[in-house]
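Contents: one structure, followed by commentary.
No value in this document is a laboratory result; all are computed from the given coordinates. All values derive from a computational prediction rather than experimental measurement. Here the Cβ positions follow ideal geometry from the backbone for every residue, glycine too, while neighbour counts run over all protein chains shown.
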Amino acid sequence: MSDEFYRIKRMPPYVIAEVNAMRHAARQAGRDIIDLGMGNPDQPPPQHVIDKLCEVAAKPTAHGYSQSKGIPGLRKAQANYYGRRFNVDLDPEREVVVTMGSKEGLSSMATAISAPGDVILAPSPAYPIHTYGFIIAGATIRSVPTTPDERYWKALDNAMAYTVPRPTVLVVNYPSNPTAETVDLAFYERLVDWARENKVWVLSDLAYSELYYDGKPTRSILEVPGAKDVAVEFTSMSKTFSMAGWRIGFCVGNRELVAALTRVKSYLDYGAFTPIQAAACAALNGQQDVVEQNRLRYQNRRDVMVESFTRAGWPIPNPPASMFTWAKLPPGFEEMGSLEFSKQLLEHAGVAVAAGVGFGEEGEGFVRIAMVENEQRIRQAARNVKRFLAEHAGG
């Protein structure tokens, strides 16, 4: 009996989990750790959403199997959201499927549309599911940059010209996790033209659609006329409504891709718990002031983080969107590498960040810092960082 399982062999150790384990051990030992590593919202969902969950859960008929594609009311609510937010018309029956978060949706889509030997274009650095969802499915990854400049387009054209077999799928993620880069509608217009010309499906991860700052809303690829011919988009309730643990997301767009995902999910799951889906309807259909409140909360945290960390001797960029900043290792620590730096920062400063190498080879030399603590804790983290930099620079 062999324990050399094919898919497990294709997956390296999850680097991010290594720092998470250290953080857990430190907290178990009674240490105060400021966790800026995981993108885990620290606020609860709106009260009316929690109330709806409790109301529906109290019904005796609410505890059976649900629908793997999502209850009709939730699919309609998501279609209405796209109409309000992006002026995009969606058919709730054929162009919307509910997922257990965008992560499950992306991994199930990889299972649905890729086969061993297929080549997938994915960004690097990338949120791990963008690559490993397809690797688990047996496909091969060819990396392309995240930065949406001319190097990006050249990389796409080179991939189509020199890769055998030709790539069949392109994954895009803006606002990017981890880099926080954004794109405008002109980028998506060019991308749709490119995908149509090269006969490539586009999977757009828009999980951070509502965490944009400075009055510059994010755009959807589906705003481009004809985008539904080649693309689907994944969104999530996790960050917009602070519902990360509820595991509710969506895939919308191209009917063939939505149908493929729906069919695979029908074999894999019965959908999220019905009261959770009903509560998600309440979030999408109810007052949206919480969305703006969350956006302002993260923007304030961003401003405090950039100012205080820079003053502490670690200049970090000012992200235009998402709940992360993607920061180069501070001066004097470049040779240490992102994983070792993250371990040292946790051990000596009590601050947890995510090592950039955990997001792919191109992430080396960076760390991802999450804005998931309040302003007071962020300032405390900056003071700890300042002391750490003074005591350990060059060492």
More than 35 angstrom apart: percent of Cα pairs within the chain: 27
Karplus 3J(HN,Hα) series, Hz, for the stretch 129-142 with 6.51 cos²θ - 1.76 cosθ + 1.60 (x for Gly, Pro): 5, 5, 9, 6, x, 7, 4, 4, 6, x, 7, 10, 9, 10
Rounded to the nearest 20 debye, dipole of the chain from Cβ charges on Lys, Arg, Asp, Glu: 580
Among the listed pairs K154/K228; K154/K216; K216/K239; K69/K228; K52/K239, those beyond 22 Å (Cα-Cα): K154/K228; K154/K216
Projected-area average for the stretch 259-395 over all orientations - Cα convex hull basis, square nanometres: 11.6
Peptide ranges 115-127, 212-224 listed from the most packed, as the mean C-beta count within 10 angstrom indicates: 115-127, 212-224
Loop GluC sites (Glu not before Pro), the stretch 1-97, which have at most 11 other Cβ atoms in a 10 Å radius of their Cβ (DSSP): E4
